[in-house]
Amino acid sequence: MGAFLAITALVFFVLGYWYSYSTHSRKKGKLLAAKERNFHENSQEN
């Protein structure tokens with residue numbers, strides 16, 4: 001029973017870590033894309 005609880009806790013920890021990492025990297029990618037788009041728009045105006 002203790003081993004089952006330990007494995008379950010480990011699975012939830014890994015899933016939580018993976019989820020937070022994937023959402024963080026997705027936000028970072030969106031920010032980078034927005035910055036790049038703004039840069040291109042500003043450079044075309046000049």
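Quick note: the coordinates plus some simple rules give every number you see, no bench work behind them. Since the model is a prediction, treat every value here as computed from it, not as a measurement. When we count neighbours, we look across all protein chains shown, and the Cβ atoms used for this are built from the backbone with ideal geometry, even at glycine.
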For this session: Please work out how much length the chain gains when fully extended from L15 to A34, using 0.36 nm per residue of separation minus the C-alpha to C-alpha distance, in nm with one decimal.
Result: 4.0 nm
For this session: Starting from the Cα of E41, step 7 Å along the direction of its Cβ; do the same at I7; then give the gap between the two resulting points in nm.
Result: 5.2
